[in-house]
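A.B. asks: I'd like to ask some things about the structure below.
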Amino acid sequence: MARFSTYETLKKHLSNPDGSLPFYRMAFAGVIAGAVGGVAGTPADIVLVRLQNDGSLPVEQRRNYKNAFDGVFRIAREDGVQGLFKGAVPNVSRAMLMTAAQLCSYDAFKDLLLGSGYFKEGLPLHFSASFLAGFVATTITSPFDVVKTRIMNAGPGSPYKNLLQALVLIAKEEGPLALYKGWTPSFVRMAPQTILTFIFLEQFRNIYWDRTAKANKVRYE
Ligand SMILES: *[C@@H]1O[C@H](CO)[C@@H](O)[C@H](O)[C@H]1NC(C)=O
């Protein structure tokens, strides 16, 4: 909800009076939408990990959250609201990258496929555009995931100083393909998520947004 409402609202505000939207502004809308979505999802992510971990802790260290909501309220009470966003930076960065790749490439592919003349508005179009968007999003997030895992697993004396330096170092020493290790399992996870998200979004758009969507018809360029 956070991602899509931010994205659609920003696109509306950033488009030219004639309804066209340059790609860099669309990408900006996607990056901001990813940041908003990432921040919104972080408290739930933290509670999820703690709930899953609880069983493996010694009894006196268990947090015993009753449920997800109890977890969120107790973290806010016990650690302060900032406790709900601890360690959010890497994940929010990833969400920015993934969301921009997913949403912008979906819009772009949809426009392209519609323009080809082989597609009209409907399920085959939404499926094809979202499948391709899942492909692009996997390809763009894969190097980030590889680098993040390497940095997290590197012990003392790590050769990695920061994200960018690690990215360049891995590409140089092991070849650029090393940055795409694990691409297939990521795609197997990302593709269904992307496809279902967009297919449902398009259905909701038909039901609720039809009039406004038509009034705000955006032309991508
Ligand atoms: C960040 O993402 C990882 C992997 O998906 C997850 O295990 C971790 O709990 C997340 N951290 C936060 C603070 O959301």
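A.B. asks: Normalised by the residues of the chain, what does the relative contact order come to in percent, with Cα pairs under 8 Å and at least six apart?
C.D. replies: 24 percent
A.B. asks: If you average the C-alpha positions of the range 80-122 and of the range 1-30 separately, how far apart do those two centres end up, in angstrom?
C.D. replies: Taking the Cα centre of each part, the range 80-122 and the range 1-30 sit 12 Å apart.
A.B. asks: Taking the 0 to 90 degree range and rounding to the nearest ten, how far is the long axis of helix 68-79 tilted relative to the main principal axis of the chain, both from C-alpha atoms?
C.D. replies: Its long axis makes an angle of about 60 degrees.
A.B. asks: Next question. Have a look at L196, F73, A95 and report the one farthest towards the positive end of the charge dipole of the chain, computed about the Cα centre with Cβ charges (Lys/Arg +1, Asp/Glu -1).
C.D. replies: Working it through, the farthest residue towards the positive pole turns out to be F73.
A.B. asks: Right, next: Which ³J(HN,Hα) values, rounded to whole Hz and listed in residue order, are derived for the range 140-154 from phi using the Karplus coefficients 6.51, -1.76 and 1.60 in 6.51 cos²θ - 1.76 cosθ + 1.60 with θ = phi - 60°, glycine and proline given as x?
C.D. replies: 7, 7, 4, x, 4, 5, 4, 5, 4, 5, 4, 5, 5, 8, 6
A.B. asks: Carbon and sulfur atoms: what percent of the 1.4 Å accessible area of the range 83-221 do they account for?
C.D. replies: 67 percent
A.B. asks: Using the Cα centre as the reference, give the magnitude of the dipole from point charges on the C-beta atoms of the chain (Lys, Arg: +1; Asp, Glu: -1; all else neutral), rounded to the nearest 20 debye.
C.D. replies: 180 debye
A.B. asks: Follow-up question, since we're still on this one. Kindly provide the helix-only [θ] at 222 nm of the chain, computed as the sum of -39,500 (n - 2.57) over DSSP H runs of four or more divided by all residues, to the nearest 500 deg cm²/dmol? Don't skip to the answer; put the middle values down first.
C.D. replies: Details: 8 runs with 156 residues, N = 221.
So the helix-based figure for the chain works out to -24000 deg cm²/dmol.
A.B. asks: Could you tell me the accessible area of F109 in Å² (1.4 Å probe, neighbours in place), rounded to the nearest ten?
C.D. replies: The accessible area comes out at roughly 50 Å².
The values are calculated or read from the model by the stated rules, or taken from the named source; none is laboratory data. Just so it is clear, the model here is predicted, and its values are computed rather than measured. A quick note on method: Cβ atoms are made from the backbone with ideal geometry, for glycine too, and the neighbour counts reach across all protein chains shown. Side chains are part of the model used for accessible areas, which takes the heavy atoms of the whole protein and leaves out ligands, DNA and RNA. Shrake-Rupley method; radii C 1.70, N 1.55, O 1.52, S 1.80 Å.
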